[in-house]
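The values are calculated or read from the model by the stated rules, or taken from the named source; none is laboratory data. Keep in mind that what you see is a predicted model, and the values were worked out from it rather than measured. Reconstructed Cβ throughout: ideal geometry from the backbone, glycine too, with neighbour counts over all protein chains shown. Note: areas computed on protein heavy atoms with side chains; ligands, DNA, RNA excluded. Shrake-Rupley method; radii C 1.70, N 1.55, O 1.52, S 1.80 Å.
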Amino acid sequence: MNIKKTGLAALLAFAVLTSMAVPAMAQSGTELADKSVTVDGDTESVYLEVTNSSGDALNYSVYGISDGLSTQVDSGTISATANDTVRQEFAVNATEYSSYRVVVTEDASDSDSESAESIEIGTTVNQTSGGGGVFAGVGGGLLTVRNGLIALVIGGGAYVLGFLDPVKNRLEG
């Protein structure tokens, strides 16, 4: 009797899972792109870029991945007209997810088929100021010590080479 209940419970669970999976599979179309990208504290966003899509808009789904578990964080449609590129960016939560997966499919709910000349998936990282050389890590913005020294060197070089002689003559008299 216990085996019959277990078998019946398994059959019921299978029927429920299958009934939920079939409509989801019927709505998703041919997969056009599927890429995972790793993110960290320097990652600003994940992007999806589509060039020259044909037909109706393409469907996309974005998943955050943490410890092997995938959670859908965004979905929608994207399209690019002829000779056009459209970019969609998604904010990153690097403390919650270690990577993101973007899946692009055609819309299976209509009779035509969608495609794109190119589909690119990647990350945008934060750009930090600073640089190499003697003044590494100094400042940001227009009025910095580095920019002042560069202006001084250029002005001194122009004076030595005689580029400022007309200005000098005018100031003297």
Does segment 50-85 hold any residues that are closer than 19 Å to SER111 by Cα and of a type in the set (A, V, I, L, M, F, W, C), and which are they? ALA57, LEU58, ILE78
Across segment 130-173, what is the total count of residues that are surrounded by 11 or more Cβ atoms within 10 Å (Cβ to Cβ), at pLDDT 75 or above and not in a helix (DSSP H, G or I)? 1
By residue number, the members of segment 43-101 that are among the small types (Gly, Ala, Ser), within 20 Å of LEU32 (Cα to Cα) and open to solvent by 40 Å² or more (accessible area, probe 1.4 Å) are SER54, GLY55, SER70, SER75, SER79, ALA82
Matching residues in segment 102-115 (open to solvent by 30 Å² or more (accessible area, probe 1.4 Å) and among the hydrophobic types (A, V, I, L, M, F, W, C)) number 1
